[in-house]
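See structure below.
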Amino acid sequence: MTIRTALVGFGLGGRIFHAPFIAADPDLAVAAVVTGNPERAAQARAEHPEAEIVPDLETLIARTGDLGIELGVVSTPPTGHAEQATALLEAGLHVVVDKPLTVTAREGHDLLAVAERHGRALIPFQNRRWDGDYLTLRALVEAGELGEVRRLESRFERWKPTETNAWKAGQASTGVGVLYDLGAHLIDQAIHLLGRVRESYAEVLTRRPGQGADDDTFVALQHECGAVSHLWMSAVTPQPGPRFRVLGSEAGFTSYGLDPIEEQLAAGARPGHEGFGRRGQDADALVGLHGEDERRVPLRLGDYGAFYRGVAQTVGTSAPPPVDPRDSIAVIELIERIHREHG
């Protein structure tokens with residue numbers, strides 16, 4: 001039976017990262033879209049004609065019964081995540097929440113308690129666990145091809161010298177800035193790969209005039225396993241470094257370029273289209289020992305649809321969620337600590 005899904009928010013996240021994968025999954029359907037923006041409402045009608053367009057969350061909650069909604073997806077600015085997700089959980093829905101799950105860890109713990117009290121799933125949207133380069137790296141690490149991982153270098157670096165979204169230029173206390181935005185992905189990947197963190201160090205900087213939140217940040221993590229992660233996140237980088245550079249006791253791994261899925265989605269491509277997820281360049285990683293036994297390893301195709309396949313299993317069969325909310329709360333705790341130390 002198809003799981004009828006309501007998408008709360010139809011900005012970049014809702015339209016590009018969520019709706020296409022919900023629509024493409026045979027076990028899910030975009031049954032409702034919540035937006036009070038007339039332009040986005042028209043766009044939602046054009047792209048999802050079968051969906052009911054609802055002006056606000058209160059109206060959606062009042063109509064969840066007659067619309068048959070089982071799953072709510074929150075894709076709005078971070079300050080609204082806790083309140084909106086709470087309302088959906090209390091209305092009896094399972095809930096997916098875009099990253100960051102909440103602005104504070106306290107909100108995250110409270111939200112998880114609501115989910116557990118109502119017997120509903122709370123699932124953070126950490127789609128970058130299914131980036132093709134990260135899938136490739138994780139498989140090599142698990143196969144022991146790098147030996148013991150000693151250092152992970154990971155970057156999300158962009159060139160956006162002017163912030164065009166006013167709400168993203170606010171204060172970090174509202175859940176904005178590259179540490180909350182890009183860092184939520186980088187830290188999640190690092191912990192997912194290398195385990196819990198013992199110590200952290202950060203450089204939290206703001207480069208753009210008039211910008212309230214950080215836009216150029218570096219984070220170093222000392223993992224309990226002994227490995228270190230060096231994570232760069234920036235909106236003001238004119239020349240990006242390697243996407244991944246990982247050094248193990250036996251071999252290294254280096255890859256360049258972001259997974260192309262985001263760019264392809266923004267250009268109008270959709271899951272199932274010819275060439276979707278395929279890289280035009282930087283399609284291989286370099287693996288091995290420099291100058292001795294290096295080989296090119298094709299990067300896997302990214303698979304963001306795997307997240308929603310997991311969501312459908314969780315809602316339909318009570319399988320474990322594709323992302324544990326406790327993982328995301330741990331990331332938020334670390335981000336909060338870094339901001340407190342650099343406030």
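A few notes on this one:
- Between amide H atoms placed 1.01 Å from N, distances below 5 Å from ILE3 occur with LEU28, ALA29, all of them 5 or more places distant or on a separate chain.
- Working from Cα pairs under 8 Å separated by at least six residues, relative contact order for segment 127-193 is 32 percent.
- Net lengthening on full extension, GLU58/GLN239 (0.36 nm per residue, minus Cα-Cα): 60.6 nm
- Entry note, the chain: the mean residue ellipticity at 222 nm calculated from DSSP H runs of n ≥ 4, each adding -39500 (n - 2.57), is -10500 deg cm²/dmol after division by the residues and rounding to the nearest 500.
- Euclidean distance between Cα centres, segment 291-343 to segment 34-80, Å: 26
- Along segment 262-269 the Karplus relation, 6.51 cos²θ - 1.76 cosθ + 1.60 evaluated at θ = phi - 60°, assigns HN-Hα couplings of 4, 4, 5, 4, 4, 7, x, 5 Hz to successive residues, with x for each Gly and Pro.
- Computing FRET efficiency as 1/(1 + (r/R0)^6) for ASN165 and GLU145, where r is the C-beta to C-beta distance and R0 is 45 Å, gives about 0.65.
- Cβ-Cβ FRET estimate between GLU116 and ARG196, R0 fixed at 22 Å, reported to 0.05: 0.45
- Scanning the chain for GluC sites (Glu not before Pro) lying in DSSP loops with no more than 10 further Cβ atoms inside 10 Å, the longest uninterrupted stretch between such sites is 51-273.
- Length-normalised contact order of segment 44-177 in % [C-alpha pairs under 8 Å, at least 6 apart]: 19
- Phi angles across segment 18-29 convert, under the Karplus curve 6.51 cos²θ - 1.76 cosθ + 1.60 with θ = phi - 60°, into 3J(HN,Hα) values of 10, 3, x, 7, 5, 5, 7, 8, x, 8, 10, 8 Hz, Gly and Pro given as x.
- Linear extension gain, ARG138 paired with GLU292, 0.36 nm per residue minus alpha-carbon span: 53.1 nm
- Under the simplified labelling scheme, the ASP27-ALA306 pair shows an inter-label distance of 1.5 nm, with each label point 7 Å from Cα along Cα→Cβ.
- Backbone HN-Hα couplings from phi across segment 35-47 [Karplus 6.51/-1.76/1.60, Hz, Gly and Pro as x]: 7, x, 8, x, 5, 5, 4, 5, 5, 5, 4, 5, 8
- Surface share of carbon and sulfur [accessible, 1.4 angstrom probe, percent] for segment 70-143: 48
- Accessible area per residue for segment 140-242, computed on protein heavy atoms with a 1.4 Å probe, is 46 Å².
- If the chain linking ALA267 and ARG208 were pulled fully straight, counting 0.36 nm for each residue of separation and taking away their Cα-Cα distance, it would gain 18.5 nm.
- Contact order relative to length of segment 187-317, as percent, for alpha carbon pairs under 8 angstrom and 6 or more apart: 14
- Amide H contacts of GLU294 (H built 1.01 Å from N, under 5 Å, at least 5 apart or other chain): LEU289
The values are calculated or read from the model by the stated rules, or taken from the named source; none is laboratory data. On a predicted model such as this, the values are computed, not experimentally measured, just so you know. Glycine also receives a Cβ, built like all others from the backbone with ideal geometry; neighbour counts cover every protein chain displayed. Side chains included, ligands, DNA and RNA excluded: accessible areas come from the protein's heavy atoms. Shrake-Rupley method; radii C 1.70, N 1.55, O 1.52, S 1.80 Å.
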